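The values are calculated or read from the model by the stated rules, or taken from the named source; none is laboratory data. Note that this is a predicted model, so its numbers are computed, not measured. Because the Cβ atoms are built from the backbone with ideal geometry, glycine has one as well, and the counts that use them run over all protein chains shown.
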């Protein structure tokens with residue numbers, strides 16, 4: 001018989017794993033009505049606080065102002081501390097190497113000269129920004145906030161599924177989920193020591209201030225949002241509030257005398273660090289998309305003069321492209337002279353003739369992804385796809401092989417989850433957030449996303465996924 | 001504070017106050033209609049439209065003028081930007097944009113108000129439930145102001161909220177007082193009669209100051225004293241003088257750059273309202289006086305916008 005997915009709570013013989021035992025005992029002792037009542041309470045609280053995922057239709061349509069909750073599951077995902085420590089080491093190593101890579105491709109390009117990464121992989125990449133060439137960034141950090149997606153395969157090992165190095169989101173759910181669990185089930189936290197994550201906003205502020213131009217004595221930080229109609233607006237507002245900094249939109253900012261300022265009721269105020277949550281292409285209409293109303297004309301010239309910091313930097317997308325991903329283990333060996341602690345998922349690059357042939361042959365067993373895709377869009381899960389979908393993907397791959405990569409269909413691990421019929425295993429992934437300032441840091445935990453539909457492997461919130469609190473326990 | 005944010009807070013507070021005042025104007029109109037003779041009926045019904053400057057829009061939306069249609073237009077019509085419905089909607093929309101700077105109670109008050117007004121059946125508001133609806137709007141406005149005063153940090157958000165509230169209230173008190181002018185046009189012969197008394201009493205009730213009038217003046221209702229109460233009686237919290245006490249207080253706390261012209265006009269108005277001679281006002285004409293005050297309030301709004309809130 002083929003081995004099923006890795007069960008986070010139970011070992012193969014059905015016994016509850018040691019780190020899940022306090023939770024399993026509690027679930028067994030607690031009357032189902034009480035748990036159900038708490039779940040309703042959680043729903044109500046999330047609605048009231050407004051931790052919602054905005055679904056804005058057309059401005060005057062029936063859906064105007066509609067906001068949807070991302071379903072929150074009250075059974076946490078538990079990770080033993082020893083296991084976490086190993087993961088954390090791997091994450092820090094990976095992000096360090098990636099930042100070294102980003103610095104390198106905009107400076108000496110040693111890794112290209114050494115032939116470790118093919119030059120066209122970098123130069124032909126849409127996300128590569130010539131304007132970043134030769135620019136010195138404080139601490140040589142490009143991706144100040146990185147979200148690394150991990151999955152656990154049926155062999156019990158964690159694999160990196162992808163690196164999110166531009167504007168990774170979801171950390172507000174990590175924080176709000178923890179707050180909600182402590183409020184609903186304080187007794188659970190008495191049974192087991194759960195490592196805290198609540199200091200994330202402090203670490204984030206420290207990271208952002210460390211990115212400031214050296215001349216800024218007491219750096220002023222602001223969060224730049226596309227505005228209230230953005231689906232992650234709640235998170236932008238939440239992080240600004242938690243850090244005690246301004247939440248600005250492009251129209252609040254202007255460039256004058258070589259510096260960036262915000263319009264305030266008491267006149268212009270200088271801004272030293274922008275934690276931007278808008279894409280490169282929208283940052284500065286003078287340089288990038290001219291039709292962008294979200295950015296600030298002249299921002300890039302201030303940035304290039306070293307008078308403002310952007311977090312994350314411009315042009316980090318080269319490194320989180322799915323076609324660059326296969327090279328990350330090599331980056332670790334090249335820059336750090338270490339063996340990668342975390343493994344990559346084996347990846348076939350359709351731009352290589354041999355790989356393309358293999359992918360087209362085995363497509364019904366593979367997951368195929370667009371190299372620039374995200375959010376679960378532009379992706380084919382072979383074993384779950386209809387014949388017609390497979391055929392349509394096959395012709396798209398043939399038409400533009402370089403736009404696709406393929407990976408074996410991983411069996412994501414499962415975690416017990418409340419569903420209509422009671423508690424059942426559902427597939428999960430894990431996104432920890434790595435912060436790079438003067439040092440590289442992370443809080444013990446992350447965002448666990450769960451695919452609520454039975455058998456589904458797609459955990460994205462835009463596609464019906466939910467979230468769980470993530471516990472690192474002693 | 002960011003100009004955009006201050007702008008949202010300023011307007012959030014103005015819209016809420018405006019909704020309350022629309023409810024007050026509609027309340028007094030409903031009352032006047034009960035007492036009016038047929039020939040003044042039209043004037044009674046036109047007054048709310050002329051003081052909110054929406055006569056044109058009304059004519060586009062309705063063929064005839066009667067109380068249910070007027071209430072429908074001023075209370076619930078989403079195409080009318082100054083209807084109660086629109087005000088509550090925009091107050092909530094503005095709050096939504098700066099939600100992270102408000103207290104959760106403030107946000108929840110505005111959000112719940114908006115959700116409720118959307119669910120209220122039209123027929124109830126234009127029919128027997130009108131008074132109940134106006135009372136509800138006033139209550140929600142009281143609640144919002146109380147929650148704001150009771151929960152928000154004393155800082156620029158508070159200052160701009162107060163500034164918006166009292167500038168709007170001053171504007172509305174002046175307009176409500178002017179209602180009487182619009183009605184008087186067609187009933188001059190009745191001055192001093194029973195109808196006249198009811199009209200002044202209804203007007204006082206619309207600004208919650210019928211009892212205040214009795215308490216402070218212990219006298220019959222004379223037009224000049226009503227004007228005195230609503231213009232310069234600073235013990236009466238809806239009077240122009242009292243509103244400008246609050247406007248001045250808020251502006252005193254706001255530190256701006258190049259805001260001299262806004263502050264100068266506000267302080268000038270404050271001084272003028274503090275030392276006004278009510279006899280003189282009547283000699284020159286109450287309507288003319290109120291028109292000038294309304295113009296200045298409009299100008300002050302524009303200067304505040306330019307000094308602190310960014311270009312509109």
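Some observations on this one:
- Condition check for residue A:229 on (1) within 14 Å of chain B (Cβ to nearest Cβ); (2) at pLDDT 95 or above: one failure, at (2).
- Of the residues contained in the range B:91-107, one or more are found to be crowded, with 22+ Cβ neighbours inside 10 Å and under 28 Å from residue B:29 (Cα atoms).
- In this entry, residue A:76 passes the filter for residues that are modelled with pLDDT of 90 or more and touching a helix residue (DSSP H, G or I) at 6+ places or on another chain (Cβ under 7 Å).
- Qualifying residues in the range B:1-49 (those that are assigned to a loop (DSSP other than H, G, I, E, B) and out of contact with any strand residue (DSSP E or B) (no Cβ under 9 Å at 6 or more places or on another chain)) - the one farthest from the other protein chains (Cβ to nearest Cβ): B:37
- In the range A:234-254, residue nearest to residue A:172 (Cα to Cα) [restricted to those that are within 9 Å of chain B (Cβ to nearest Cβ) and not in a helix (DSSP H, G or I)]: A:247
- Residue within the range A:112-126 that is assigned to a helix (DSSP H, G or I), closer than 30 Å to residue A:328 by Cβ, modelled with pLDDT of 95 or more and over 28 Å from the mean Cα position of the chain (by Cα) present: yes
- Checking A:235, A:249, A:198 one by one, the residue that is surrounded by fewer than 19 Cβ atoms within 10 Å (Cβ to Cβ) and either in contact with a helix residue (DSSP H, G or I) (Cβ under 8 Å, 6 or more places away or on another chain) or in contact (Cβ under 8 Å) with a residue 40 or more places away in the chain (or both) is A:198 and no other.
- Residue check for residue A:303: more than 17 Å from residue B:5 (Cβ to Cβ) and in a strand (DSSP E or B): no
- Looking across A:410, A:435, A:457, one residue alone is surrounded by 18 or more Cβ atoms within 10 Å (Cβ to Cβ) and in a strand (DSSP E or B). It is A:435.
- For the residues B:272, B:264, B:258, B:306, the requirement of being within 14 Å of chain A (Cβ to nearest Cβ) and either more than 23 Å from residue A:263 (Cα to Cα) or assigned to a helix (DSSP H, G or I) (or both) singles out B:306.
- Scanning the range B:53-69 for residues that are in a loop (DSSP other than H, G, I, E, B) and either in contact with a helix residue (DSSP H, G or I) (Cβ under 9 Å, 6 or more places away or on another chain) or more than 15 Å from residue B:83 (Cα to Cα) (or both) gives B:54, B:62, B:63, B:64, B:65, B:66.
- Positions within the range A:279-291 being over 18 Å from residue A:304 (Cβ atoms) and in contact (Cβ under 8 Å) with a residue 24 or more places away in the chain, in sequence order: A:279
- Selected residue (criterion: nearest to residue A:275 (Cα to Cα)) from residues of the range A:155-187 that are in contact with a strand residue (DSSP E or B) (Cβ under 8 Å, 6 or more places away or on another chain) and part of a helix (DSSP H, G or I): A:171
- Subset of the range B:235-255 [surrounded by 15 or more Cβ atoms within 10 Å (Cβ to Cβ), more than 14 Å from every other protein chain (Cβ to nearest Cβ) and in a loop (DSSP other than H, G, I, E, B)]: B:236, B:237, B:238, B:239
- Pick from the range A:255-278, criterion without any contact (Cβ under 8 Å) to a residue 40 or more places away in the chain and at the interface with chain B (Cβ under 7 Å from one of its Cβ atoms), ranking: nearest to residue A:313 (Cα to Cα): A:263
- Under the condition of being within 14 Å of chain A (Cβ to nearest Cβ), assigned to a helix (DSSP H, G or I), over 15 Å from residue B:86 (Cα atoms) and in contact (Cβ under 8 Å) with a residue 24 or more places away in the chain, the residues counted in the range B:96-150 number 5.
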